[in-house]
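Written below as structure tokens is the structure these notes are about.
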Amino acid sequence: MKKQLLIILAVSGAAFGAQAQELDETKEALSKWVETRKLISEEKQKWELEREILGDRIDLVRNERDTLNTKIHETQSLITDADKKREDLVKEKDALKNASATLVNRIFTLEREVLNLLPSLPEPVQERIKSLSQRIPKTEETELSLSERYQNLIGIINELNKGAGEITVVSEVKKLSDGSSAEVQTMYIGYAAGYSCNNNGDVAFIGTPTSEGWKWEQDNSIARTVADSISILKNEKVAAFMPLPVSVD
């Protein structure tokens, strides 16, 4: 009987030991499971946080990409506009260059015409425009700008237009037919004719313009008429009709 009890106790102790070991194993497994769940929860939270941060970064990158694309588009538009403006400027430059070349050729031609005209102008007019006519370039090479040349030429033409409608009287010295010289009063009728007479009113000249200068011929027969005409211009005599010879080519 006693032996059977020992056997029962031994079996019971072994069973209890096995249950205790199984319980320990269960507790350890449960502990590991709890730890695992905890780790899974922490990893999940970490992943959620990282996903949120990653999403924010993705949004930031997208915004930067969109901003960059916008800037690229704007830059391309600016480049296109700049290229177009450059093309327009090049075309305008070429047009101005061609126009400038035409103006240079034209001004040079006009300057030559004025220089050729100078000898046929009365001495008073030549003196009046001397400061301007001396500035006319003798060749195409000049340091004067195109605007300066045109301004100079316009100044000469204005003076020429003014003198064309004037009657002027100046003192000059003329060489007489006998080789001597005499002081005379010369009356220029615009640029068409000139008449001179001495103070005594017995010597006279008729002047006509030529491409080489004024040509003077002595004609004493008109001396009195020329003297009276000059006196009328000076308000020394009453106005009257004065017939004077005119040579028209």
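Worth a mention:
- When the chain is described by a simple charge dipole with +1 on each Lys and Arg Cβ and -1 on each Asp and Glu Cβ, the residue from Val173, Gly207, Leu49 located farthest towards its positive end is Leu49.
- Proximal lysine pairs, segment 45-173, alpha carbons under 21 Å, eight or more residues apart or interchain: 8
- Phe205 sits among other residues whose Cβ lies under 9 Å from its own Cβ, and their net charge, with Lys and Arg +1 and Asp and Glu -1, is -1.
- Pairs of Cα atoms nearer than 8 Å and 6+ residues apart set the relative contact order; for segment 158-249 it is 18 percent.
- Electrostatic tally near Gly55: other residues with Cβ closer than 13 Å to its Cβ, Lys and Arg +1, Asp and Glu -1, net -2.
- Using C-alpha pairs below 8 Å separated by at least 6 residues, the relative contact order for segment 74-195 is 18 percent.
- A 1.4 Å probe, protein heavy atoms only, puts the accessible area of Lys162 near 110 Å².
- Three semi-axes describe the equivalent ellipsoid of the chain; taken as square roots of 5 times the Cα gyration tensor eigenvalues and ordered largest first, they are 129, 15, 12 Å.
- Computed over segment 153-238, the percent of Cα pairs more than 19 Å apart is 40.
- Rel. contact order, % - alpha carbon contacts under 8 angstrom, at least six apart, the chain: 11 percent
- A Förster radius of 51 Å combined with the Cβ-Cβ distance from Asn199 to Ala101 puts the calculated FRET efficiency at roughly 0.35.
- Each residue of segment 177-194 is assigned a 3J(HN,Hα), and the resulting list reads 5, 8, x, 7, 10, 9, 7, 10, 9, 10, 10, 9, 9, x, 10, 8, 7, x Hz, derived from the Karplus form 6.51 cos²θ - 1.76 cosθ + 1.60 (θ = phi - 60°), x at Gly and Pro.
- At the residue level, Ser131 shows approximately 80 square angstrom of accessible surface with a 1.4 angstrom probe and all protein chains present.
- Amide H contacts of Glu166 (H built 1.01 Å from N, under 5 Å, at least 5 apart or other chain): Gly190
- Sites listed here are GluC sites (Glu not before Pro) in segment 107-207 whose DSSP assignment is loop and whose Cβ has at most 15 other Cβ atoms within 10 Å: Glu140, Glu141, Glu143, Glu166.
- For the chain, size of Cβ-based charge dipole, Lys and Arg +1, Asp and Glu -1, in debye: 1040 debye
- Computed over neighbours whose Cβ is under 12 Å from that of Glu127, the net charge equals -1, Lys and Arg +1, Asp and Glu -1.
- Structure-based [θ]222 nm, the chain - -39500 (n - 2.57) summed over DSSP H runs of at least 4, per residue, nearest 500: -22500 deg cm²/dmol
- Dipole magnitude (debye, nearest 20) for segment 117-249, charges at Cβ of Lys, Arg, Asp, Glu: 240 debye
The values are calculated or read from the model by the stated rules, or taken from the named source; none is laboratory data. What you see is a predicted model; the values in this text were computed from it and never measured. Note: ideal-geometry Cβ built from the backbone for every residue, glycine included; neighbour counts use all protein chains shown. Side chains are part of the model used for accessible areas, which takes the heavy atoms of the whole protein and leaves out ligands, DNA and RNA. Shrake-Rupley method; radii C 1.70, N 1.55, O 1.52, S 1.80 Å.
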